[in-house]
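Here the structure is laid out as structure tokens; the discussion comes afterwards.
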Amino acid sequence: QFEQVKKMWDTLTVSQSVLDVSQGGLGKTHTSLCIAWWMQRAYGMKVMVVGPNDSSLTSADSWGFWAEEYGIQIEIATTYTILRVGQGTVSHDWLIPDKNDKNDWHASKKFEKLCEGGLFIIFDEFHKATRKSITHNACAALVRCAKKYRCRVALLSYTPGDRPEHVTQILRMAGIVTSERMFRYVPIHGFYETEKFGLGELKQKCKQFA
């Protein structure tokens, strides 16, 4: 997986996010931890891992086990379930529920402080957050904050999405767009409004490479 590590590192030197869709069993955990090791040694960045369940974080052959083996300190290890908890409630202090929308979240001052010092977020099996859901909104809120402070994000999944409607959530998880919709159809005028939506954000991103 040397070539994969190099590819991911090269991507993160020019972008704030990287997507690893390697097949299961090829070592996405180890390649990402290799990146985390360099992030900590070279830039003093802290590491956050979001896993699918407790076992993925604490059991043998888990993120926690291999991080300790490689000498990597994980600042936050949590699951998608803990991140979202329920409508308008959380059991942690990284997110604050939106006052007007119980399905949406904002990063807390504590999490902003963490990002300000540099943070590398790893979303393992991130397909669990690519459907329109409270879980997705919670993860997207963390990514928005991370991007604000030039942090880095790794998205790991062999099956990130299998439907066209998952594209918007994948782009939000990568921090490429922030809008929940790519466009809005205006029937009275018969056209699609894009500037204030995801397609407008993509257009601005593309201009950076023009």
- Query: Of all residues in segment 63-88 being at pLDDT below 95 and assigned to a loop (DSSP other than H, G, I, E, B), which is surrounded by the fewest Cβ atoms within 10 Å (Cβ to Cβ)?
  - Reply: GLN87
- Verdict on ALA138 being in contact (Cβ under 8 Å) with a residue 40 or more places away in the chain, in contact with an Asp or Glu (Cβ under 7 Å, 6 or more places away or on another chain) and open to solvent by less than 10 Å² (accessible area, probe 1.4 Å): no
- Residue count, segment 17-43, condition open to solvent by 80 Å² or more (accessible area, probe 1.4 Å) and touching a strand residue (DSSP E or B) at 6+ places or on another chain (Cβ under 8 Å), comes to 1
- Test for ALA107: is it under 16 Å from the mean Cα position of the chain (by Cα), open to solvent by less than 10 Å² (accessible area, probe 1.4 Å) and not hydroxyl-bearing (Ser, Thr, Tyr): no
- Message: Return the residues of segment 92-104 that are out of contact with any Asp or Glu (no Cβ under 8 Å at 6 or more places or on another chain) and either open to solvent by less than 30 Å² (accessible area, probe 1.4 Å) or over 30 Å from TRP37 (Cβ atoms) (or both); say none if nothing qualifies.
- Response: HIS92, LEU95, ILE96, LYS99, ASN100, ASP101, LYS102, ASN103
- Query: Among THR130, THR159, which is surrounded by fewer than 22 Cβ atoms within 10 Å (Cβ to Cβ), farther than 22 Å from LYS6 by Cβ and not charged (D, E, K, R)?
  - Reply: THR159
- segment 169-210, residues that are in a loop (DSSP other than H, G, I, E, B), aliphatic (A, V, I, L, M) and touching a strand residue (DSSP E or B) at 6+ places or on another chain (Cβ under 8 Å): ALA174, ILE176
- Query: Does segment 163-192 hold any residues that are farther than 24 Å from CYS139 by Cβ and open to solvent by 90 Å² or more (accessible area, probe 1.4 Å), and which are they?
  - Reply: TYR185, PRO187, ILE188, HIS189, PHE191, TYR192
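The values are calculated or read from the model by the stated rules, or taken from the named source; none is laboratory data. None of these values were measured; they are calculated from a predicted model. All Cβ positions, glycine included, derive from the backbone under ideal geometry; neighbour counts span all protein chains shown. Remember, those area values only see protein heavy atoms, side chains included, never the ligands or the DNA or RNA. Shrake-Rupley method; radii C 1.70, N 1.55, O 1.52, S 1.80 Å.
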